[in-house]
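Below: the structure, in structure tokens.
Read-outs throughout are calculated quantities, based only on the coordinates presented, and are distinct from any laboratory measurement. Just so it is clear, the model here is predicted, and its values are computed rather than measured. With ideal geometry, Cβ positions are generated from the backbone for all residues, glycine too; neighbour counts draw on all protein chains shown.
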Amino acid sequence: MNLRDLRYLVNLANHRHFGRAAEASFVSQPTLSTQLKKLEEELGMPLVERSPRHVLLTELGEKVAERARVILREADEIRAVARRFKDPEAGRVRIGIFPTLGPYLLPHVVPDIVKRFPKLELELAEEKTEVILKKLTEGELDAGVLALPIHDEQLHTEFLFEEAFVFAAPAAHPLAKARRIKLSDLNDQPLLLLDEGHCLRDQALEVCQRAGATERGGFRATSLETLRNMVAANAGATLLPALAVQGGSARLPNVKLVPFAAPGPHRRIAMVWRRTSALTGILQALAQRLKAIPKDMLRAPK
């Protein structure tokens, strides 16, 4: 048994297709199939159910793949330890960030990170929170930038900043001309929200619960840009995070942004990584660069 064959099995478990698993393993399909048969012979039990239409792992195959993920992650950690001893600021770091933050935060922090760590290979992945947490657990990501709370004792949580929410409404909306609004002003207000799976939806629903607001029925957006354009089209009002409304390019003519009176609603952003990670030193350094974002950008624009 070797790491290569375990990686073949994990790729097959991930893709459920011999061709795609072979491609992910950078080998031919016959090579992958042959090595998996050798692994089955070594264990004395079948790991894969082969049929013309689909690929299924046996119960043993699923359990071996689960353990193999742990082994491969630990092997990657060993390699990472060796790289860090050679050069603490070199090598690859894979970070996941959720879609309602990534496009608005990264342009402000990545140039500084590239300048500060010129030998670092920064690999960024935009995924929903649940996907990032899964990939962190399986070792496919080294860290995640997520909204709190995160309930996982295996992860270290490094708080970064608080980002305010802004009320966004069409120009004709009754609250659009206010200089500031209170959370209670949203009582009975129907708000446009994102679709299921977006952490911003959960955050907005929490605000709705506190304020007595409701979700506007019949529509759920898949992105912040869709929400913004629906507000511009007089379809309703919503909550937007402060970073998403900074700069002239983020403004639409019919969208009015109204800040909340303190203490207004906000979300707390953190960087998380496995407590056992060999990359803790560089991840801590990267977290400090993320913390350095100007505080004005985290508040409603004037």
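Rank Glu138, Glu121, Glu59 by mean-square fluctuation in a GNM of the chain with C-alpha springs under 10 angstrom and give only the top-ranked residue. With Cα springs under 10 Å in the chain, the top fluctuation among Glu138, Glu121, Glu59 is at Glu59. 3J(HN,Hα) along the range 134-146: 5, 5, 5, 4, 8, x, 7, 10, 8, 7, x, 9, 9 Hz, from the Karplus curve 6.51 cos²θ - 1.76 cosθ + 1.60 with θ = phi - 60°, whole Hz, x for Gly and Pro. Using θ = phi - 60° in the Karplus curve 6.51 cos²θ - 1.76 cosθ + 1.60, the 3J(HN,Hα) couplings for the range 265-282 round to x, 7, 10, 9, 10, 9, 9, 10, 7, 5, 4, 8, 4, 6, 9, 3, x, 6 Hz; x is entered for Gly and Pro.
Derived scalar couplings between HN and Hα for the range 35-42 equal 5, 5, 5, 5, 5, 5, 5, 5 Hz in order, rounded to whole Hz, by the Karplus curve 6.51 cos²θ - 1.76 cosθ + 1.60 (θ = phi - 60°), x for Gly and Pro. Under 5 Å from the amide H of Arg216 lie the amide H atoms of Leu191, Leu192, Leu193, each residue being 5 or more positions distant or on a separate chain, with H modelled from the backbone and absent for Pro and chain starts.
Label zone (Ala75, point 7 Å along Cα-to-C-beta; backbone nitrogen cut-off 16 Å) within the range 1-29: 1-14, 22, 24-27.
In this label model, Ala235 and Asn254 are separated by 1.1 nm, measuring between points 7 Å along each Cα→Cβ vector. Here's how it looks for Arg274: its modeled amide H is under 5 Å from those of His156, which are all 5 or more places away or on a different chain.
Each label point was placed 7 Å from the Cα along the Cα-to-Cβ direction; for Ala90 and Leu205 their separation is 4.8 nm. Per residue of the chain, the DSSP helices (runs of n ≥ 4 H) give a summed -39500 (n - 2.57) that works out to -13000 deg cm²/dmol at 222 nm.
For Val166, nonlocal amide neighbours, meaning residues 5 or more places apart or on other chains whose placed amide H falls under 5 Å from its own, are Leu240, Ala242.
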